[in-house]
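> Before I ask anything, let me first share the structure, which is written out below as structure tokens.
The values are calculated or read from the model by the stated rules, or taken from the named source; none is laboratory data. Given the structure is predicted, the values throughout are model-derived calculations rather than measurements. Note that each Cβ is placed from the backbone with ideal geometry, even for glycine, and that neighbours are counted across all protein chains shown. Surface areas here come from the heavy atoms of the whole protein model, side chains and all, with no ligands, DNA or RNA. Shrake-Rupley method; radii C 1.70, N 1.55, O 1.52, S 1.80 Å.
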Amino acid sequence: MAPGNFTRVTEFILTGVSDRPELQIPLFFVFLVIYGLTVAGNLSIITLTSVDSRLQTPMYYFLRHLAMINFGNSTVIAPKMLINFLAKKKTTFYYECATQLGVFLVFIVAEVFLLAVIAYDRYVAICNPLLYMVVVSRQICFLLVSLTYLYSFSTAVVASSSVFTVSYCSSNVINHFFCDIVPLLALSCSDTYFPETVVFISAATNLVFSIVIVVTSYFNIVLSILRIRSSEGRKKAFSTCASHMMAVTVFYGTMLFMYVQPQINHSMDTDKLASVFYTVVIPMLNPMIYSLRNKEVKAALKRFLKNSCYSKSI
């Protein structure tokens, strides 16, 4: 067919989480609650680690940025998803779709590397406690977070640009609830070898590099904890990194499920399920994991609520 016979796509139609009409309203309320908890939880972590003087340590500095990333990642996806549950025509404009994909990639890549940074922070705190404030100084913390954002932004620009350099013609129905790479490239009417290669190399490099740092850090942490003679000391050391280990396991488990599953069993339905988990559910779980398992955060929340009530009574 001649190129002139193609109609260039100016908007996409999202199929959503489910195409069953009877599930749209129930799913709307389920994800509304999830997004509400995500916003409340992450904004609470951001506020507490910003205003409480006892939470001005490197660990909580990284935790604050993780909460910012989780809030941003969820906000890029959830509001549009909620609107589409109620809309008859689930459309998104071409440049709106490109923007959503780019911003989503910024946050997801930043989360991958920030989790590795937090693992390194826990490794230094447990394995080299006397050098902790030197190795993880304020300047180092700022540098690590800045490099994380800079790299994630650069990666997002390259990956999203490569996805939108291909042609999208007559087919515009994205089998997903947001503009993700795989369902977008499936609609292209031109050769997708280049963007697929770029995305594969980027995703593989990011995941492998981050996982190596995390596994190496926690391997040394476990060895260090096992050398502690007292059971109370081992329990205290483990408790300082247990919440992060839980968050890391959930996040990387989901990401590996998407990339390691056999191609013969691969389907967009499983991709949707995994995507729901790491774009909507995990950003809700992270604040709960950290706050419920962290005495310092719970104590900071009590102080914050007490001071707020006291200031209102004056």
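> With all protein chains present, how much of the accessible area of segment 202-261 (probe radius 1.4 Å) comes from carbon and sulfur, to the nearest whole percent?
71
> Karplus couplings for segment 251-257 from phi (6.51 cos²θ - 1.76 cosθ + 1.60, θ = phi - 60°), rounded to Hz, Gly and Pro as x?
5, 5, x, 5, 5, 5, 4
> How about LYS88: which lysines have a C-alpha closer than 19 Å to its C-alpha, ignoring those fewer than 8 places off in the same chain?
Within the straight-line limit of under 19 Å, LYS88 reaches these lysines: LYS80.
> Given a 1.4 angstrom probe, I'd like the percentage of the accessible area of segment 23-114 that is carbon and sulfur, rounded to a whole number.
The nonpolar share, carbon plus sulfur, comes to 75 percent.
> Tell me the label only: which of (i) 53, 47, 31; (ii) 74, 49, 35; (iii) 58, 45, 37 is Cα extents along the principal axes in Å as calculated from this structure?
Computed from these coordinates, Cα extents along the principal axes in Å corresponds to label (ii).
> So what J values fall out for segment 109-126 if you push phi through Karplus, 6.51 cos²θ - 1.76 cosθ + 1.60 with θ = phi - 60°, rounded to Hz, Gly and Pro as x?
5, 4, 5, 4, 7, 5, 4, 5, 5, 5, 4, 5, 4, 5, 4, 5, 4, 8
> For VAL166, list long-range residues whose amide hydrogen, built 1.01 Å from N in the peptide plane, is under 5 Å from its own amide hydrogen.
Answer set, sorted by chain and number: none.
> OK, next. Would you tell me the accessible area of LYS306, worked out with a 1.4 angstrom probe on the heavy atoms of the protein chains, in Å² to the nearest 10?
150
> Would you tell me the accessible area of SER162, worked out with a 1.4 angstrom probe on the heavy atoms of the protein chains, in Å² to the nearest 10?
10
> Take the Cβ-Cβ distance between THR165 and LYS235 as r, set R0 to 45 Å, and report the resulting FRET efficiency rounded to the nearest 0.05.
Working: r = 54 Å, r/R0 = 1.19.
It comes to 0.25.
> Provide the per-residue ³J(HN,Hα) series for segment 51-67, in order, calculated from phi with Karplus coefficients 6.51, -1.76, 1.60 and θ = phi - 60°, each as a whole number of Hz, with x at glycine and proline positions.
Once rounded to whole Hz, the list reads 9, 7, 5, 7, 10, 9, 10, x, 4, 6, 5, 5, 4, 4, 6, 5, 5.
> Compute the length gained on full extension between LYS306 and ILE228: take 0.36 nm times their separation in residues and subtract their Cα-Cα distance, giving the result in nm to one decimal.
Stretched fully, the LYS306-ILE228 segment lengthens by 24.3 nm.
> With every protein chain kept in place and ligands, DNA and RNA left out, what is the accessible area per residue of segment 29-154? Probe 1.4 Å, answer in Å².
Accessible surface, normalised per residue, equals 46 Å².
> Rounded, prolate or oblate, given the Cα gyration tensor of segment 27-161, with a/c below 1.5 counting as rounded?
oblate
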